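Right, one structure below, let's go through it.
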Amino acid sequence: MNVLLHACCAPCSVKCVETLRREGLVPSILWFNPNIHPYTEYISRRDSLLKYCSEEELPLIYEGEYGLRTFLDGVSKTDTSRCEFCYCTRMAGAASVAKSRGFDAFTTTLLISPYQNHELLMRIGHEQGEKYGVEFLYRDFRPFFREGQAAARARGLYMQKYCGCIFSEEERYLGKKKKKEASAK
Ligand code: SF4
């Protein structure tokens with residue numbers, strides 16, 4: 001079974017690929033992440049994934065370019081939450097590519113992260129699969145998260161410090177600064 005694995009980054013891909021291969025499935029990687037900002041961060045994550053795919057001899061499909069403006073425009077207009085908009089955008093992109101390229105199913109490395117809204121992601125994956133007429137292969141990869149991160153670090157893959165969008169970058173660093181200031185009082 002040929003599976004299109006939407007990948008948010010190399011570290012999260014490591015254990016997802018291993019798990020799918022162990023099941024006898026054949027994963028190909030999709031890079032489609034208009035939610036990663038700023039540009040230097042986008043390039044760091046993308047290039048790390050390219051390196052990983054080359055080392056693992058994984059076919060890679062590359063969709064879209066840096067999407068700061070489109071993403072911010074979409075977030076400003078959505079009546080859902082920012083993350084719901086983000087999941088919808090990426091799962092719709094993955095489902096569309098899976099369908100047009102003849103994959104049996106698609107899934108995402110976002111399912112490995114304990115920091116994502118797993119239930120929301122699962123629902124959106126299924127909805128977009130139904131919409132595009134291709135199976136969303138649901139797996140709970142979360143038990144492999146820590147092991148995957150350690151393996152990625154050992155391989156020298158780029159490890160990001162925040163989820164992806166410019167808002168999550170602010171939450172990561174400004175949140176930390178605020179906590180420090182509060183504890184100093
Ligand atoms: S926090 Fe993460 S999932 Fe939510 S919108 Fe930003 S990049 Fe997307």
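The values are calculated or read from the model by the stated rules, or taken from the named source; none is laboratory data. If you're wondering where the values come from, they're calculated on a predicted model, not measured in any experiment. For neighbour counting, all protein chains shown are included, and Cβ atoms are generated from backbone atoms with ideal geometry for every residue, glycine included. When the accessible area is computed, the model is the full protein with side chains, heavy atoms only, and any ligands, DNA or RNA have been set aside. Shrake-Rupley method; radii C 1.70, N 1.55, O 1.52, S 1.80 Å.
Annotations
- Residues in region 145-171 that are more than 18 Å from the chain's Cα centre (by Cα) and of a type outside the set (A, V, I, L, M, F, W, C): R155, G156, E170, E171.
- Residue, most open to solvent (accessible area, probe 1.4 Å), within region 42-52, restricted to residues that are under 16 Å from A154 (Cα atoms) and more than 14 Å from the chain's Cα centre (by Cα): K51
- Listed conditions (1) within 15 Å of I36 (Cβ to Cβ); (2) within 12 Å of the chain's Cα centre (by Cα); (3) not small (G, A, S) are all met by L72, apart from (2).
- Within region 96-112, residues that are in contact (Cβ under 8 Å) with a residue 40 or more places away in the chain reach partners that are away from the ligand (no atom under 14 Å from the Cβ) and of a type in the set (S, T, Y) with beta carbons closer than 6 Å, at six or more positions or on different chains, in the pairs T109/S13.
- Evaluation of L58 against (1) more than 16 Å from the ligand (Cβ to nearest atom); (2) open to solvent by 20 Å² or more (accessible area, probe 1.4 Å); (3) within 28 Å of G156 (Cα to Cα) (one fails), failing number: (2)
- Among the helices (runs of 4 or more DSSP H) confined to region 88-185, the ones with at least 3 residues that are within 13 Å of the ligand (Cβ to nearest atom) are located at 118-132, 166-184.
- Which numbered condition V97 misses (of (1) more than 24 Å from K161 (Cβ to Cβ); (2) in contact with a helix residue (DSSP H, G or I) (Cβ under 7 Å, 6 or more places away or on another chain)): (2)
- F85 falls short on exactly one of the conditions (1) more than 11 Å from W31 (Cβ to Cβ); (2) in contact (Cβ under 8 Å) with a residue 12 or more places away in the chain; (3) surrounded by 15 or more Cβ atoms within 10 Å (Cβ to Cβ), and that condition is (2).
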